[in-house]
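In what follows, a single structure is set out as structure tokens and then discussed.
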2 protein chains.
Amino acid sequence: MMKLQNDIVLRAAKGEITERSPIWLMRQAGRILPEYREVRSKLSGFIELVETPEFAAEVTIQPVDLLDVDAAIIFSDILVIPQAMGCAYQMIESKGPFFPQTVRNEAELKGIHVADPHTDLKFVTDAIRLTKKNLNGRVPLIGFAGAPWTIFAYMTEGSGSKTFSVARKILYTDPAFSHKLLDMIADSTIAYLKAQIEAGADMVQLFDSWAGILGPDQYREFSLRYIRKICKAITEVPVTVFAKGAFYAIPEMADLPCRTIGLDWHTDIRQARAQVGSTKTLQGNADPCLLYADEETISAGVKSMLSAFSGTPHIANLGHGLYPDTDPNKVRHFIKQVKAFKHNQ
Amino acid sequence: MMKLQNDIVLRAAKGEITERSPIWLMRQAGRILPEYREVRSKLSGFIELVETPEFAAEVTIQPVDLLDVDAAIIFSDILVIPQAMGCAYQMIESKGPFFPQTVRNEAELKGIHVADPHTDLKFVTDAIRLTKKNLNGRVPLIGFAGAPWTIFAYMTEGSGSKTFSVARKILYTDPAFSHKLLDMIADSTIAYLKAQIEAGADMVQLFDSWAGILGPDQYREFSLRYIRKICKAITEVPVTVFAKGAFYAIPEMADLPCRTIGLDWHTDIRQARAQVGSTKTLQGNADPCLLYADEETISAGVKSMLSAFSGTPHIANLGHGLYPDTDPNKVRHFIKQVKAFKHNQ
């Protein structure tokens, strides 16, 4: 393995209090960059970009060159997992994901299988290998997957939703089926993340994007349980868990066998630190809308965020993905301010 | 004023620990009832129903007859306020609200004015008068309005949104305009709620449906501040504040000059009670998806919810509005179980 020239994110993820705040941004590779939109415009759609390693690797590296972040995250989509399990998705322009065939009961599990990443997801591991080669040790590469509950929500609901009431209904009406599908997703995810690590991912993140639509009891039973299973299985590299909206679960997440907890922008940093204790790294958590503000306001937001993290292991990030209409210059200003911040330690 | 035959909700809202749990449900008047859908099918659209007092009164009373709830809530929409302020909305079938003309800056405030409920919202006060007459003292009638932040979010964004990033951007880029518009909404809401009370509303509720997309600091500055202004002004009847997703604000909501705090289904009841103290009534908070389950599961859910509230003033409700495809028989079972529950007090 090539030695990393900049390993500050990785050291922070291992619990080190680093010399400055390391930073990467959720959705840093994507529509905010004109260079991304140029690549994208040459292709038939989002899914072609995800499934073509050359292009995926190219847009993965763009923010390292253009935004000066401390880590790359492989360009992909959490919905490659349902697809690899036998439940294909489409990405409908300006609408989002759509599943022509949902999986809502035992009978519909026919044709659904635990994913084999070496065949069904080879385009991702190929993209990782190519990215690692082209990054040439400049920064670490982050792999990722959706958390089982979030993947389950899409596979059952069939699309995005304000309430995910179809998905949540199934948790009440058919818990046995729910656990069966969730377990298959968890096993697929473990195999998938291990394949990403084998291909070169230096750390991995689980995105539980729809954590916040479950109440505490159901979150424990139908989400945290499977996140725990995955965290236990992934021992090769540091794991980050980002569960958007699951404020009530932060104290329990402190006990997960993972290294880093991602915080959304609703979370009070000091309170989360008190709940998690000092052993884990925290990641986050500026409001993506802060990057619409003027430079002075952005600087003040950075200062306030980093002061709250000071003296504890953390990785600067947003509390959600970058919004596509954000000005890249504002993003660069945000990143510069983070890197320049002096902790009193 | 006619004496109420069933005033249990009102007594609970005034802080009394009642002989059994009183109950009403958010969105109890609406698409779950075939009788509602029949009225609706005769009309050109949702807005005609809202603006025709005879029909609005009819569907308001339906759940009292058909579901046996302890209170009626006037059938209307929170978006009548922007309309009365000069910013008209449309309701697009299976999509939701849409504003052809948004209000995003000082210049666009031209044509926007503080609502005069006696002219611009006469259809609501007429509906309240008619409902009160036809209810004939059976149960109290609840009036309502949207909280200023939620109304602001719609007026600026122009429609529903997963992120409300347009609305939230304005809080960062033009706080002066934001405060100006929020204050006009708050003043409109005060006049509107006072007109509802004058027309016969026995209590009122503020819905901050999009509370949960703001972080704690912005919630304090751009939402709680205006909710407080409204609560201070409404001294005639008990006020309930329901701020969906604003878990971080519950301790501060304990200090609002209102009587009842509504809880969403993510909130741990005992923890909320500890944060709010014993002086206020709590309302809520079953997951609307619980009503998809079998009767046994629903009964267990009711028991678990009511046990957590036991011994403190509370009003049973859901933690969000009823979902339109809920079976009315399940709703009736839920309500019966609530009414039959014996508190150990």
What about B:Tyr226, is it closer than 28 Å to B:Arg104 by Cα, buried (at least 23 other Cβ atoms within 10 Å of the Cβ), hydroxyl-bearing (Ser, Thr, Tyr) and in contact (Cβ under 8 Å) with a residue 12 or more places away in the chain? yes
Of the residues in segment B:205-247, those that are within 20 Å of B:Thr267 (Cβ to Cβ) and among the charged types (D, E, K, R) come to B:Asp208, B:Arg220, B:Lys244
Would you mention how many residues in segment B:187-200 are buried (at least 24 other Cβ atoms within 10 Å of the Cβ) and either within 14 Å of chain A (Cβ to nearest Cβ) or closer than 16 Å to B:Lys229 by Cβ (or both)? 4
Filter result for the condition that a residue is away from every other protein chain (no Cβ under 14 Å), touching a Cys at 6+ places or on another chain (Cβ under 6 Å) and modelled with pLDDT of 95 or more, over A:Met203, A:Met184, A:Met155: A:Met155
Can you name the residue in segment A:41-64 that is without any contact (Cβ under 8 Å) to a residue 12 or more places away in the chain and not in a loop (DSSP other than H, G, I, E, B) and, of all such residues, is farthest from A:Cys289 (Cα to Cα)? A:Glu48
So A:Lys169 passes all but one of these: (1) in a helix (DSSP H, G or I); (2) within 14 Å of chain B (Cβ to nearest Cβ); (3) touching a residue at least 40 places away in the same chain (Cβ under 8 Å); (4) among the basic types (Lys, Arg). Which condition number does it fail? (3)
Among the numbered conditions (1) more than 9 Å from every other protein chain (Cβ to nearest Cβ); (2) crowded, with 20+ Cβ neighbours inside 10 Å, tell me where B:Arg220 comes up short. (2)
Inside segment B:207-224, can you point out the residues that are in a helix (DSSP H, G or I) and in contact with a Pro (Cβ under 9 Å, 6 or more places away or on another chain)? B:Glu221, B:Phe222, B:Ser223
Using the structure shown, decide if B:Ile61 is under 17 Å from the mean Cα position of the chain (by Cα), surrounded by fewer than 22 Cβ atoms within 10 Å (Cβ to Cβ) and within 21 Å of B:Leu4 (Cβ to Cβ). yes
Does A:Ala153 satisfy the criteria of being in a helix (DSSP H, G or I), out of contact with any helix residue (DSSP H, G or I) (no Cβ under 8 Å at 6 or more places or on another chain) and of a type outside the set (Ser, Thr, Tyr)? no
I want to confirm something. Restricting to segment B:306-318 and keeping residues that are in contact with a helix residue (DSSP H, G or I) (Cβ under 7 Å, 6 or more places away or on another chain) and within 14 Å of chain A (Cβ to nearest Cβ), which single residue is surrounded by the most Cβ atoms within 10 Å (Cβ to Cβ)? B:Leu318
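Here's the yes/no breakdown for (1) surrounded by fewer than 20 Cβ atoms within 10 Å (Cβ to Cβ); (2) part of a loop (DSSP other than H, G, I, E, B); (3) touching a Phe, Trp or Tyr at 6+ places or on another chain (Cβ under 7 Å); (4) at the interface with chain A (Cβ under 9 Å from one of its Cβ atoms):
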| residue | (1), (2), (3), (4) |
| --- | --- |
| B:Gln271 | yes, no, no, yes |
| B:Thr279 | yes, yes, no, no |
| B:Cys289 | no, no, yes, yes |
| B:Glu296 | yes, no, no, no |
| B:Ser299 | yes, no, no, no |
| B:Ser304 | yes, no, no, yes |
Could you tell me whether A:Leu282 is within 22 Å of B:Tyr219 (Cβ to Cβ) and in contact with a His (Cβ under 6 Å, 6 or more places away or on another chain)? yes
Within segment A:237-252, how many residues are away from chain B (no Cβ under 12 Å) and under 16 Å from A:His314 (Cα atoms)? 5
Can you spot a residue in segment B:176-196 that is in contact (Cβ under 8 Å) with a residue 24 or more places away in the chain, among the polar types (S, T, N, Q) and in a strand (DSSP E or B)? no
When B:Pro328 is evaluated against the numbered criteria (1) crowded, with 20+ Cβ neighbours inside 10 Å; (2) away from every other protein chain (no Cβ under 11 Å); (3) not β-branched (Val, Ile, Thr), which criterion, by number, is the only one it fails? (1)
Would you pick out the residues in segment B:278-292 that are over 16 Å from B:Val338 (Cα atoms), at pLDDT 95 or above and of a type outside the set (Phe, Trp, Tyr)? B:Lys280, B:Thr281, B:Cys289
Set B:Ala107, B:Ala84: member being within 27 Å of B:Trp24 (Cβ to Cβ), part of a helix (DSSP H, G or I) and not β-branched (Val, Ile, Thr): B:Ala84
Looking at B:Val69, is it assigned to a helix (DSSP H, G or I) and either modelled with pLDDT of 95 or more or farther than 26 Å from B:Thr312 by Cα (or both)? no
Looking at the structure I just gave you, is A:Asp264 surrounded by fewer than 22 Cβ atoms within 10 Å (Cβ to Cβ), assigned to a loop (DSSP other than H, G, I, E, B), within 14 Å of chain B (Cβ to nearest Cβ) and of a type outside the set (Lys, Arg)? yes
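The values are calculated or read from the model by the stated rules, or taken from the named source; none is laboratory data. Fair warning: this is a prediction, and the values are worked out from it, not measured in the lab. All Cβ positions, even for glycine, are placed from backbone atoms using ideal geometry, and neighbour counts span all protein chains on display.
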